[in-house]
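One structure below.
The values are calculated or read from the model by the stated rules, or taken from the named source; none is laboratory data. It should be emphasised that the depicted structure is a prediction, and the values quoted were computed from it without experimental measurement. Here the Cβ positions follow ideal geometry from the backbone for every residue, glycine too, while neighbour counts run over all protein chains shown.
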Amino acid sequence: MKKSEELMKKLKYQRKHFWKVSSIKEKKEAFGFAENYKSFLNSCKTVRESIEYFEKELEKRKFSDISKNRKENKVFRISRNKNAAIAVIGKKPISEGVNLIVSHIDSPRVDLKQNPLFEDDTTNLGLMKTHYYGGIKKYQWLSTPLALHGVIVKPGGKIVKVSIGEDENEPVFTMPDLLPHLARKEQYTKKIGEAINADTMKLFFNSIPYIENKDKDVKEAVKLNALILLNEKYGVVEENLLSAELELVPAGKARDCGIDKSMILAYGQDDRVCVYTSSKAVFDVNDLKKTAIVYLADKEEIGSESNTGAKSVFIIDFIADLLKYNKESFDSSTLRKTLINSQIISADVNAGINPNFPQVHEKENAVHLGFGVSVTKYTGSGGKSGSNDANAEFNAKIIDLFNQEKINWQIGALGKVDEGGGGTIAKFMAEHGAEVIDCGPGVLSMHALYELTSKADVYSAYKAYKAFFEKA
């Protein structure tokens, strides 16, 4: 090897391709890990379904509800069936700081409006009015098979779970697009973001009218038939729909992608890939010095608002109760110091460089699929607006840790500086004074109906999060 080559190898930063540098054993582990991850994605297409999944996992792994005040070192809390905190208590006092990984459990989708069902006067079709949730490209949701998930709360508080469209024997739903033959003025002359108006995103629900032999002129007969079918299946009336949470998601399962099956194509990987890998990491930790916490937050896609979003007091209240549970002082000053002493990974995906649209990325600072988990110092837009911008010391500490543990990692940024941008939960966590950095796998087609990840990066994220809990 020439001296210049030796120096270059020694001094230059270079991403390491997982499939090139990993052992056969590790490659097999990545493929095996992906199978369980795909099963999780298939079961958890909504926030509530994800929380229900983790309730079962926590029971199976003998975690205790922190409010029951037992003496186990594995505890959790679930709030409003929308978010959760999972903790494994370490040897050091909690007040010396915790290692916390926060990821968001919600994904972009299309919701039904509060009063959704109506019969169209022109076509006599039964339709549902919708309202999209989070940053979507509206045109992607048209003319695709959709499943209906959610809950309806009946009088007295009884919850009825809804899931229609996932089983191949069940019907699916759709919002038909305009045919290209008639789209010249209505769509082709408009900007892509304006071609589809939200009011045109109406769901086709049914088409057969209720027929009464004695009454040949039943008003809203198609709508009535829809209500009859809902009543027969779920025992509900239209008023119950006004308070329901009903969501449309792509119908179908997570699939391997690529002839080598090295990638995963599925709905909701932003950010359930981090939800799954961080939770699996905390389930698998051993011999902890610092307490490890996984926080699964709702509402990130609409700004982390609400009583289940990262802006709420939920995680602060949980850490206060964790101090009390561990028989430590839990006064306001101790709680603040605990947070300031803590280290936090905002586990969220980053935009992988797309070879079909490379112009929006800067390849030296972009995330490349198959090269490991991304360490992202800042997100935001323009001049780092809406970003945490991690301290150099913490950034270097995380990189050193990943190097020592032989974890595939890479730096990443969310596109070119003036191309656009976006934020994560990191800035809200940093408001508590902790050290915070973004870290997660790269994703292509983010916020689309089907997002693409590399099995190498998914597995690397799990290893990175586990190492953070055990070694940081």
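Summed over the stretch 362-390, residues that are assigned to a loop (DSSP other than H, G, I, E, B) and at pLDDT below 95 total 13. Condition check: out of contact with any Lys or Arg (no Cβ under 8 Å at 6 or more places or on another chain), surrounded by fewer than 18 Cβ atoms within 10 Å (Cβ to Cβ) and either free of Cβ contacts under 8 Å to residues at least 12 places away in the same chain or in a strand (DSSP E or B) (or both). Does residue 70 satisfy that? Against the criterion (out of contact with any Lys or Arg (no Cβ under 8 Å at 6 or more places or on another chain), surrounded by fewer than 18 Cβ atoms within 10 Å (Cβ to Cβ) and either free of Cβ contacts under 8 Å to residues at least 12 places away in the same chain or in a strand (DSSP E or B) (or both)), residue 70 qualifies. Say whether the condition of being on the phi > 0 side of the Ramachandran plot and of a type outside the set (A, V, I, L, M) is met by at least one residue in the stretch 221-231. Checked against the condition, which is being on the phi > 0 side of the Ramachandran plot and of a type outside the set (A, V, I, L, M), the stretch 221-231 yields no hits at all. Give just the number: which of (1) surrounded by 10 or more Cβ atoms within 10 Å (Cβ to Cβ); (2) over 29 Å from residue 104 (Cβ atoms); (3) of a type in the set (A, V, I, L, M) does residue 58 not satisfy? The number of the failed condition is (2). Against the test of being of a type outside the set (Asp, Glu), crowded, with 18+ Cβ neighbours inside 10 Å and either over 23 Å from the mean Cα position of the chain (by Cα) or in the same structural domain as residue 455 (by TED's automatic domain parsing) (or both), the options 39, 43, 22 yield a single qualifying residue, 22.
Residue check: is residue 456 out of contact with any strand residue (DSSP E or B) (no Cβ under 7 Å at 6 or more places or on another chain) and farther than 23 Å from residue 133 by Cβ?
Here the answer is yes, as residue 456 does meet what is asked.
There is at least one residue in the stretch 134-143 that is modelled with pLDDT of 95 or more, surrounded by 13 or more Cβ atoms within 10 Å (Cβ to Cβ), farther than 25 Å from residue 225 by Cβ and among the polar types (S, T, N, Q).
Which one of 89, 101, 136 is in the same structural domain as residue 66 (by TED's automatic domain parsing) and farther than 20 Å from residue 308 by Cα? Outline the logic, then answer.
On the way: 101 fails: farther than 20 Å from residue 308 by Cα; 136 fails: in the same structural domain as residue 66 (by TED's automatic domain parsing).
Only one candidate passes the filter, namely 89.
In this structure, does residue 310 turn out to be surrounded by 18 or more Cβ atoms within 10 Å (Cβ to Cβ) and over 18 Å from residue 63 (Cα atoms)? It is true that residue 310 is surrounded by 18 or more Cβ atoms within 10 Å (Cβ to Cβ) and over 18 Å from residue 63 (Cα atoms).
Every residue, every condition in (1) over 32 Å from the mean Cα position of the chain (by Cα); (2) touching a residue at least 12 places away in the same chain (Cβ under 8 Å), yes or no:
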| site | (1), (2) |
| --- | --- |
| 196 | no, yes |
| 202 | no, yes |
| 207 | yes, yes |
| 213 | yes, no |
| 219 | yes, no |
| 231 | yes, no |
| 249 | no, yes |
| 253 | no, yes |
| 273 | no, yes |
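Kindly check whether there is at least one residue in the stretch 29-49 that is basic (Lys, Arg) and over 30 Å from residue 133 (Cβ atoms). There is no residue in the stretch 29-49 that is basic (Lys, Arg) and over 30 Å from residue 133 (Cβ atoms). Right, residue 124: at negative phi, outside the structural domain of residue 426 (by TED's automatic domain parsing) and of a type outside the set (Lys, Arg) or not? No, not satisfied.
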